[in-house]
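Have a look at the structure that comes next, please.
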Amino acid sequence: MTAGSTRPAILHGPVTPTLLRLALPTVVVLVVQTMVGVAETYFISFLGTEALAGVTLVFPVLMLMQMMSNGGIGGGVSAAVARAIGAGRRADAESLLWHAVVIAVMFGVLFSAAAFLFGPLLYHALGGRDATLNAALTYSGLVFAGSIPIWITALLSSALRGAGNASVPAIVIVSGTAMLLALSPLLIFGWGSFPGLGVAGGGIAVVIYYVLAALALALYLRSPKSPLRLRTTPLEGRLFKDILGVGLPSAVGTIQVNLTVTLVTAAVGHHGADAIAGYGIASRLDYLQIPIIFGLGTAIVTMVGTNIGANQAVRARRVAIVGGAIAFGITQIIGIAAAAFPNAWMQLFSDDPHVAEMGALYLRTVAPTYGAVGLGLALYFASQGARRVVLPVLAGTVRLVIAGLFGWAAVLWFGSGLATLFQIVALAALAYGALTVAAVIWSRMFHRGHSSSIASPSSR
C-alpha cells in the first residue's frame with residue numbers, strides 16, 4: 001500500500017473503515033510485541049522473585065524510551081510526513097526520513113549514556129537491593145546498549161506509517177517477534193551445551209531483535225517498492241523543526257507518563273519486593289492498552305495530519321472523535337475484565353499468594369479507569385497530527401502531579417497503604433481523560449483550517 005493509493009481514502013473516504021484499515025496492521029503487531037514482553041516476564045519469573053523484581057525496575061525506563069521513540073518523537077515524524085504528503089510536498093516527505101535517522105542516532109546515544117551513568121542510582125532509589133539490584137543492572141546495561149537500533153526502528157517505522165504504509169513495519173516486527181520468542185528462552189535458560197545466561201539472556205535477545213529490525217527497514221526504504229526513499233539529504237532547520245515542534249512536546253508527555261509510573265513504582269517499593277513484583281505483573285496489563293491505542297493512534301496521526309495538511313480541519317476533528325470513541329471502548333472492556341477477574345491474570349506469572357494479592361488489589365482499583373486513559377491517549381495522537389500538543393501534554397502534567405507526587409507523598413509522608421495509593425492512581429487517570437477531552441474536542445483546535453507544516457523553499 002503506497003502513499004499515493006491511501007491519500008484519497010484518507011482525505012475523502014469513510015472515516016471509520018479507513019481509520020481501522022490503517023490501524024489494524026500496527027495494532028496487531030504491537031499486541032504481538034506486548035505478548036512477547038509478557039512472555040519474557042513469564043520466562044524470567046522462573047528465575048525467582050528477585051530477578052522478576054529487577055526487570056520490573058528497568059521496565060518503566062525501557063518503556064520511556066520505547067514510548068518516546070514511537071509515540072513522542074516518532075509521533076512528530078509521522079505527523080510531519082503526513083502533513084507534507086497532504087500538502088503535496090513529496091520531496092520534503094523524503095527529506096524528513098533522513099532527518100529522522102539523524103534524530104534517532106542522537107537520542108539513542110543520549111539514552112545509552114543516561115542508562116549507564118544514572119541507572120545504578122535510579123534502580124537503587126526505586127527499591128532495588130542486593131540480587132534485585134544486580135538483576136536490574138544486568139538487564140538494563142544490555143538493553144540500553146542497543147538504544148540506537150531501537151530508535152532507528154521506531155522512527156523509520158513512524159515515517160512509513162505517516163506515509164500511509166503500516167504493513168511493512170508490521171511484517172518486519174511480527175517476523176522479529178517470532179524470532180525473539182524463540183531466542184529469549186534459549187538465551188535465558190540455555191539449551192544442551194549452550195549455557196543459560198539468566199536475566200542477561202533476555203537483554204541480549206532484545207538487542208538482537210532490534211538490530212535486525214532496523215536493518216530490514218533500512219533495506220526496504222532503499223528499495224524501489226518503498227513509498228519513501230531513504231537517502232542522505234542536506235540537513236535543514238525547518239525540517240528538524242517540523243519534526244521536533246511536535247516531537248519534543250510529545251516527548252515531554254511520554255516522560256510524564258513514565259515518570260508517573262516510576263514514582264508509583266517507587267512508592268510501591270516501600271512495601272517490599274513482593275509488592276514490587278505484584279505491581280509489576282499487574283501493571284503489565286496497563287501497558288497492554290498502550291500498544292492497542294498506539295496502533296490506533298498512528299492511524300489517527302496519519303489521517304489528522306494529512307487532512308490538516310490539505311486544510312480539511314472539519315474532517316480532521318471527526319477523525320479525532322471517532323478514534324477516541326474506538327479507543328475508549330477497547331480499553332474500557334479490558335479494564336472491566338481485569339477488575340472482575342484479577343487473579344486470572346496474576347496466576348499466569350506467580351503462585352505466591354502475597355504477590356498475587358498485591359497485584360489483584362491494583363487491578364480491582366485502577367483497571368476500571370482504563371477507558372479514560374485510552375480516550376486521552378487517542379486524542380493526544382490527534383493533537384500530534386494537528387501540531388497542537390501543548391494542552392494534552394498539560395493534561396498529562398495533572399496526571400503526574402496527582403498519581404506521582406500526591407501518591408508518593410501519601411506513602412512516604414502519611415504512611416498510606418497500597419489501597420490508598422492505587423485509589424490516587426485511579427483518580428489521576430480519570431482527570432487525565434476528562435482534561436484531554438476538553439483540550440482536544442471542546443477547544444478550538446479544529447475550528448479553523450490550518451496547515452502547520454513548514455513550507456519548502458520552493459513554495460516560499
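The values are calculated or read from the model by the stated rules, or taken from the named source; none is laboratory data. Source: prediction; values computed, not measured. Virtual Cβ from ideal backbone geometry, glycine too; neighbours counted across all protein chains shown. These area figures cover heavy atoms from the full protein model, side chains too; ligands, DNA and RNA do not enter into them. Shrake-Rupley method; radii C 1.70, N 1.55, O 1.52, S 1.80 Å.
For L235, indicate whether it is open to solvent by 30 Å² or more (accessible area, probe 1.4 Å) and in a helix (DSSP H, G or I).
no
Looking at region 315-337, which of the residues that are touching a Phe, Trp or Tyr at 6+ places or on another chain (Cβ under 7 Å) and open to solvent by 10 Å² or more (accessible area, probe 1.4 Å) is nearest to F381 (Cα to Cα)?
Filtering region 315-337 for residues that are touching a Phe, Trp or Tyr at 6+ places or on another chain (Cβ under 7 Å) and open to solvent by 10 Å² or more (accessible area, probe 1.4 Å), the one nearest to F381 (Cα to Cα) comes out as R317.
Could you list, in sequence order, the residues of region 238-261 that are over 22 Å from the mean Cα position of the chain (by Cα) and either buried (at least 21 other Cβ atoms within 10 Å of the Cβ) or under 22 Å from A125 (Cβ atoms) (or both)?
L239
Could you please give the count of residues in region 413-423 that are among the small types (G, A, S) and open to solvent by less than 20 Å² (accessible area, probe 1.4 Å)?
0
Here's another thing I want to ask about it. Hey, can you tell me all the residues within region 112-130 that are surrounded by 22 or more Cβ atoms within 10 Å (Cβ to Cβ), among the hydrophobic types (A, V, I, L, M, F, W, C) and assigned to a helix (DSSP H, G or I)?
The answer is A115, and nothing else.
Only one residue in A426, A410, A395, A431 is crowded, with 16+ Cβ neighbours inside 10 Å and in contact with a Lys or Arg (Cβ under 9 Å, 6 or more places away or on another chain). Which one?
Going through A426, A410, A395, A431 in turn, the sole match is A431.
To keep it simple, each residue is scored yes or no on (1) over 12 Å from V425 (Cβ atoms); (2) within 24 Å of the chain's Cα centre (by Cα); (3) at pLDDT 90 or above.
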{"site": "A344", "(1), (2), (3)": "yes, no, no"}
{"site": "D351", "(1), (2), (3)": "yes, no, no"}
{"site": "E357", "(1), (2), (3)": "yes, no, no"}
{"site": "L361", "(1), (2), (3)": "no, no, yes"}
{"site": "A367", "(1), (2), (3)": "no, yes, yes"}
{"site": "Y370", "(1), (2), (3)": "no, yes, yes"}
{"site": "V373", "(1), (2), (3)": "no, yes, yes"}
{"site": "Y380", "(1), (2), (3)": "yes, yes, no"}
{"site": "S383", "(1), (2), (3)": "yes, yes, no"}
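Inspect region 365-385 for any residue being open to solvent by 40 Å² or more (accessible area, probe 1.4 Å), in a loop (DSSP other than H, G, I, E, B) and not hydrophobic (A, V, I, L, M, F, W, C) and give the result as yes or no.
no
From (1) under 26 Å from L187 (Cα atoms); (2) open to solvent by 20 Å² or more (accessible area, probe 1.4 Å); (3) modelled with pLDDT of 85 or more, pick out the condition that doesn't hold for L64.
(3)
I need the full set of residues from region 262-278 which are open to solvent by 10 Å² or more (accessible area, probe 1.4 Å) and touching a helix residue (DSSP H, G or I) at 6+ places or on another chain (Cβ under 7 Å), in order please.
Hits for region 262-278 are T262, L263, G269, H270, H271, A273, D274.
What is the one condition in (1) surrounded by 24 or more Cβ atoms within 10 Å (Cβ to Cβ); (2) more than 30 Å from H354 (Cβ to Cβ); (3) over 17 Å from the mean Cα position of the chain (by Cα) that L296 does not satisfy?
(3)
Additional query: For the subset of region 424-445 comprising residues that are of a type in the set (A, V, I, L, M) and part of a loop (DSSP other than H, G, I, E, B), which member is nearest to G371 (Cα to Cα)?
By that ranking, first place goes to I441.
Which residue pairs have Cβ atoms under 6 Å apart, sit 6 or more places apart or on different chains, and have a first residue in region 173-189 that is without any contact (Cβ under 8 Å) to a residue 60 or more places away in the chain and a second that is among the small types (G, A, S) and open to solvent by less than 70 Å² (accessible area, probe 1.4 Å)?
The qualifying pairs are G176/A213; L183/A205; L187/G201; L187/A205.
Could you go through region 263-280 and let me know if any residue there is among the polar types (S, T, N, Q), farther than 20 Å from G75 by Cα and part of a helix (DSSP H, G or I).
Scanning region 263-280, I find at least one residue that is among the polar types (S, T, N, Q), farther than 20 Å from G75 by Cα and part of a helix (DSSP H, G or I), so the answer is yes.
Follow-up. Within region 170-225, how many residues turn out to be outside any helix (DSSP H, G or I), more than 14 Å from E40 (Cα to Cα) and open to solvent by 20 Å² or more (accessible area, probe 1.4 Å)?
Residues flagged as outside any helix (DSSP H, G or I), more than 14 Å from E40 (Cα to Cα) and open to solvent by 20 Å² or more (accessible area, probe 1.4 Å) within region 170-225 amount to 10.
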